[in-house]
Amino acid sequence: MKLLPSSVLFVCLGACATNHQFPDRQDAAPDVAALEQARRALPADDETHALGQVRWLPLLNLHGRLYEITDGVGFPAGTTYSEVDCYGPLFCVAGAEVLHYDADQQLYEREQESSWIWGLYRTTRSDVLTPHGWRVHADTRLLFGLLHWPSDGYTARAPFDPPPSPSPSSPAEPSPRV
């Protein structure tokens, strides 16, 4: 059977590269304090000063995560967390998320993009923190950009904000004696 050796070779061509094992986020914000601590613990001779993890299976899946310093060119000084997922032959379906943090590790911008059938249908969303809340800009494109409909708006809280901390409760009132 000639199929078996070629299949084994194909699977062996898959690759992984990492200098940090990122925990599974499960749609929650990444733990930036832990990532920053791990980034600072990198060896001094590491030229990238970034944490990265890549898994690749040819024609099937590409998954990558990167946490790096933003040097202030185009964005305020701080850090950036990026995550990319691609599936299918030649990345037929792809999705990416980029989170930008300031020097105090506070989230100030979030970008999301997804593409199906090599861009036949594409959505982008950008959330930027302003003094009035989050400015949300979304754009949907169909037929490789021939049709598109943008939308934008402001929200006080974005879906990825941490829930508000509970206010200190007032002292409990004594229960009436029976």
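The values are calculated or read from the model by the stated rules, or taken from the named source; none is laboratory data. None of the values given here were measured: they were computed from a predicted structure. Reconstructed Cβ throughout: ideal geometry from the backbone, glycine too, with neighbour counts over all protein chains shown.
Key figures for this structure:
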| read-out | value |
| --- | --- |
| Filtered residues of region 69-90 (kept if of a type outside the set (S, T, Y) and buried (at least 16 other Cβ atoms within 10 Å of the Cβ)) | G78, E83, V84, D85, C86 |
| Single match in G119, G88 (criterion: over 30 Å from Q37 (Cα atoms) and either in contact with a Cys (Cβ under 9 Å, 6 or more places away or on another chain) or at pLDDT 85 or above (or both)) | G88 |
| Strands (runs of 3 or more DSSP E) wholly inside region 15-88 that include at least 1 residues being of a type in the set (D, E, K, R) and touching a Phe, Trp or Tyr at 6+ places or on another chain (Cβ under 8 Å) | 61-70 |
| Residue match in region 13-23 (condition: closer than 21 Å to Y87 by Cα, touching a Pro at 6+ places or on another chain (Cβ under 9 Å), in contact (Cβ under 8 Å) with a residue 12 or more places away in the chain and not small (G, A, S)) | yes |
| Residue count for region 43-68, restricted to those that are surrounded by 15 or more Cβ atoms within 10 Å (Cβ to Cβ) and under 25 Å from Y108 (Cβ atoms) | 9 |
| Residue within region 73-80 that is in contact (Cβ under 8 Å) with a residue 40 or more places away in the chain and closer than 28 Å to H20 by Cβ present | yes |
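Residues checked against (1) at pLDDT 90 or above; (2) under 24 Å from R25 (Cα atoms); (3) surrounded by fewer than 16 Cβ atoms within 10 Å (Cβ to Cβ):
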| site | (1), (2), (3) |
| --- | --- |
| A96 | yes, yes, no |
| D104 | no, yes, yes |
| R125 | no, yes, no |
| S169 | no, no, yes |
